[in-house]
1. Residue by residue through segment 155-170, what is 3J(HN,Hα) from phi via Karplus (6.51 cos²θ - 1.76 cosθ + 1.60, θ = phi - 60°)? Round to whole Hz and write x for glycine and proline.
2. Would you kindly calculate the translational diffusion coefficient of segment 97-144, applying Stokes-Einstein with the Kirkwood radius from alpha carbon pairs, for 10 °C and a viscosity of 1.306 mPa s, and quote it in µm² s⁻¹ without decimals?
3. Please work out how much accessible surface R315 shows to a 1.4 Å probe, ignoring ligands, DNA and RNA, in Å² rounded to 10.
4. Where a ≥ b ≥ c are the square roots of the eigenvalues of the C-alpha gyration tensor, would you call segment 1-90 rounded, which needs a/c under 1.5, or, failing that, prolate if a/b is larger than b/c, or oblate?
5. Counting only the backbone N, which residues of segment 126-158 are under 18 Å from the spot 7 Å out from the Cα of E37 toward its beta-carbon?
6. Put a dot 7 Å past each Cα toward the Cβ at A304 and E226; how far apart are the dots in nm?
7. What nm value, rounded to one decimal, do you get for the distance between K98 and K215 when each label is placed 7 Å out toward the C-beta?
8. Along the Cα-to-Cβ line of K203, 7 Å from the Cα, sits a label point; which residues in segment 296-310 have backbone N less than 18 Å from it?
Amino acid sequence: MDAWNDEAMKQFQSLLETLDEQHKNTFQNMHQGYPRETLVRFLKARDGNVPKAHKMFIDCLQWRVENEIDNVLARPILADSYRSVRDSQLMGMSGYTKEGLPVIAVGVGLSTYGKVSDKYYVQSHIQMNEYRDRVILPTATKNHGRYIGTCVKVLDMTGLRLSALNQMKLLTSISTIDDLNYPEKTDTYYIVNAPYVFSACWKVVKPLLQERTRKKVQVLQGCGREELLKVMDYASLPHFCKDSSKLTKHNATMNAENCYSLDHVFHKQLYNYMKQQAMIMESISQIKQDSFYVELPETDPDDAKIVKTIEIEFRKVESKNGLNNSLNGVAVKDEDNYYPNTSASANTPIVKDTHQGF
């Protein structure tokens, strides 16, 4: 821990003595036996400023209580909708690094969304965050005999197109939830298979990021296999980083190797865990399955600036290359009128990039 954190931590901890019972209970679900390490994350997220870190922490606890986040793992999305989520929100866990950190793969470029109501994408993302924090990381900590509280992410940019702007509101909101409620959970972001459109955006977005975030991002050549093998074994590489000639052509086996697929062991274990939790919860109280709504936070002004910069750069790429993917109709829309592919009401969640969370 940084030297300034010793005194800051004492101040921070002294402010927590007045927590009520609800906030104490949800904090236990957050820290999983490591309260100090959890508070450090909030201090880091606010650059050691104790009042700001304390406000962020209290706001997070209140968000968890108001949205019943402690029960989210007992609310599995109904099977058909869940399959649609997994087919279009490409995310999964492929293994562990040599140091024991979970490896999370995200198909940024090929995720299409739009197959179900946005609320299900929000719900699934939060469930994966909570499963990571309450099951995956505590298990890794126990297995390695030392605290493991972060993961690494491999972000696959394959297929990234101008149409991605269609989902900017959804992704911005998801990332805002992560930034405010799951800060400092990612050790390193590895960017792979980056097309020109990403490279063009990265040059102008990078200076806008906070220094601690910039230091975490590594843009690798191609699929990044050689660099990633320095930090993880071949078996833990996401499927899109492996040698395609070595992957079996048998559909069932390919699905099992694809960490986005419902047939992958990670998603099987996650969904089975949620069903078991639902059965336990139903035995003591009635909670309607498939019913979960989250009140979304206001987008940070700095994040809004980044989103606008990305939109401008995408337009420049379109103009420069004369691409056919017209941006007409896919500009970032006013939030109050943005409910794609649903009959959503004003209470339906719209959720930025999956960076700070899972």
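The values are calculated or read from the model by the stated rules, or taken from the named source; none is laboratory data. Bear in mind that the values here come from a model prediction, so they are computed numbers and not experimental data. Here the Cβ is made from the backbone with ideal geometry for all residues, glycine too, and neighbour counts use every protein chain on show. Each accessible area value is taken on the protein alone, full model and side chains, heavy atoms only, with ligands, DNA and RNA left out. Shrake-Rupley method; radii C 1.70, N 1.55, O 1.52, S 1.80 Å.
1. 3J(HN,Hα) across segment 155-170, in whole Hz: 9, 8, 8, 3, x, 4, 9, 4, 5, 4, 5, 4, 9, 4, 5, 4.
2. Taking Rh from Cα pairs, D becomes 125 µm²/s.
3. Rounded to the nearest 10, that gives 90 Å².
4. Prolate, because a/c is 1.5 or more and a/b exceeds b/c.
5. 129-153
6. 4.5
7. Spacing of the two 7 Å Cα→Cβ label points: 2.2 nm.
8. Counting only backbone N, you get 309-310.
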